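Working notes, structure below.
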Amino acid sequence: MSGMKNKQGRTPSAPWGWSTAIDLYECDPQTLRSAELIRKFVVQLVELLGMKAFGETQIVHFGEDERVAGYSMTQLIETSLISGHFANATNAIYLDVFSCKAYDAEAAAVFAQEFFGAKERRWQTLTRE
């Protein structure tokens, strides 16, 4: 596959970016229901990954259906976006980190698990071309 190029003219060894999905289960209920702690988490995650925040973290609580009710968060970073949803009914968190700057996805997953007191975590990273 060496030397092959995609439609945009990039080789597979030169991705556009990386997208990591981090799923956390059985999180601390008080932590995932606190906008202040979610904001603190985002600040620390951005710093951990060596990113630079662009603007303020947006945190909104919504959901008429209790199954999906909870906070949702977005944080623009200069190299793309961090987002997440915090599900009250299941005490689960679904985070996404997308960046065209390389970052340590496992460190992000471990940090998120520790910050939110999750008993279980799953994560996967996709290379975007």
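The values are calculated or read from the model by the stated rules, or taken from the named source; none is laboratory data. Predicted, not measured: the structure shown is a model, and the values here were computed from it. Virtual Cβ from ideal backbone geometry, glycine too; neighbours counted across all protein chains shown.
Determine whether the range 14-30 contains at least one residue that is of a type in the set (Asp, Glu), in contact with a strand residue (DSSP E or B) (Cβ under 7 Å, 6 or more places away or on another chain), touching a residue at least 12 places away in the same chain (Cβ under 8 Å) and under 28 Å from residue 129 (Cβ atoms). The answer is yes, given that some residue of the range 14-30 is of a type in the set (Asp, Glu), in contact with a strand residue (DSSP E or B) (Cβ under 7 Å, 6 or more places away or on another chain), touching a residue at least 12 places away in the same chain (Cβ under 8 Å) and under 28 Å from residue 129 (Cβ atoms).
Is one or more of the residues making up the range 112-129 in contact (Cβ under 8 Å) with a residue 24 or more places away in the chain, of a type in the set (Gly, Ala, Ser), surrounded by fewer than 19 Cβ atoms within 10 Å (Cβ to Cβ) and under 18 Å from residue 17 (Cα atoms)? For the range 112-129, residues in contact (Cβ under 8 Å) with a residue 24 or more places away in the chain, of a type in the set (Gly, Ala, Ser), surrounded by fewer than 19 Cβ atoms within 10 Å (Cβ to Cβ) and under 18 Å from residue 17 (Cα atoms): absent. Criterion applied to 45, 37, 76 was being buried (at least 19 other Cβ atoms within 10 Å of the Cβ) and of a type in the set (A, V, I, L, M, F, W, C), and the one residue passing it is 45. Considering each residue of the range 61-68 in turn, none proves to be modelled with pLDDT of 95 or more and on the phi > 0 side of the Ramachandran plot.
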